[in-house]
Amino acid sequence: MNDLKLHRILKAPRALIWECFTQPEHLKQFFIPRPHKILDAEVQLFPGGRFYSLFEVDGTEYPNEGCVLEVVTGEKLVTTDTLLAGYIPAPNPFFTAIMTFADHPDGTEYTALARHGNQDTLKRHEDMGFHEGWGTVADQLETYAQGLQN
């Protein structure tokens, strides 16, 4: 497999972590390492639905169009940029994200798997800083979710 994996225990309830990943107003608060921003997001939480984010990195905007492939409420979310909403093939596919969420005594067991079509895209994602970037996003998610609890 051409996978990159991040596994974390997040100190926040699973239902809240799920809400953060599936509600655009929350997603915009943590889904890219700071100081970069998410200017817009849309999550259509059904297979074939749109999974979209608009990143701003150093003043440049990067739209990220994707498709929701699988939803198991509170447990699993699978998205991809290999397809656009409505299962339309994307012109420049990169990876599929398989995110799972499980109860844990300390909060939520979170696993993110980035599955690539080949070794070249896997290497490119690794070189972009997958582990550092997705780790930072997980830390930001945990902090943000904890703030919502108060």
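The values are calculated or read from the model by the stated rules, or taken from the named source; none is laboratory data. Here the structure is a predicted model, which means the values were calculated and not measured. So basically every Cβ, Gly included, is an ideal-geometry build from the backbone, and we count neighbours across all protein chains shown. Only protein heavy atoms, including side chains, enter the accessible area calculation; ligands, DNA and RNA are left aside. Shrake-Rupley method; radii C 1.70, N 1.55, O 1.52, S 1.80 Å.
What value, in deg cm²/dmol to 500, does the helix sum -39500 (n - 2.57) over DSSP H runs of n ≥ 4 give at 222 nm once divided by the residues of the chain?
On the way: 4 runs with 42 residues, N = 150.
Helix contribution divided over all residues of the chain: -8500 deg cm²/dmol.
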P(r), alpha carbons of region 87-150 - 10 Å bins starting at zero, rounded %: 17, 41, 27, 14, 1
Linear extension gain, residue 143 paired with residue 58, 0.36 nm per residue minus alpha-carbon span: 28.3 nm
Net length gained if the chain between residue 127 and residue 73 were fully extended (0.36 nm per residue, minus Cα distance): 16.2 nm
Out-of-range pairs (alpha-carbon distance over 23 Å; input 11/123; 11/76; 5/123): 11/123
Sequence-distant residues sharing a close amide H with residue 84 (under 5 Å, placed H): 90
Where a label projected 7 Å from the Cα of residue 7 along Cα→Cβ would reach, residues of region 84-111 with amide N under 11 Å: 110-111
Rg(Cα) / (2.2 N^0.38 Å) computed for region 43-150, rounded to two decimals: 1.14
Carbon plus sulfur fraction of accessible area for the chain, probe 1.4 Å, in percent: 51 percent
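Averaged per residue, what accessible surface does the chain expose to a 1.4 Å probe, in Å²?
Details: 7860 Å² over 150 residues.
Here the residues of the chain average 52 Å² of exposed surface.
Once you list every other residue whose beta carbon is under 13 Å from the beta carbon of residue 121, what net charge do they have if Lys and Arg are +1 and Asp and Glu are -1?
Values: positive: 115, 123, 124; negative: 3, 81, 120, 126, 127.
Neighbour charge sum, excluding residue 121 itself: -2.
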Extension gain (nm, one decimal) between residue 90 and residue 25, 0.36 nm per residue minus Cα-Cα: 20.9 nm
Kirkwood hydrodynamic radius of region 1-106, Cα pairs, Å: 14.6 Å
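Just add up the charged neighbours of residue 96: K/R +1, D/E -1, any other residue whose Cβ is under 11 Å from the Cβ of residue 96. If you can, show how the numbers build up before the last one.
Values: positive: 115; negative: 3, 70, 81.
Cβ neighbours under 11 Å give a net charge of -2.
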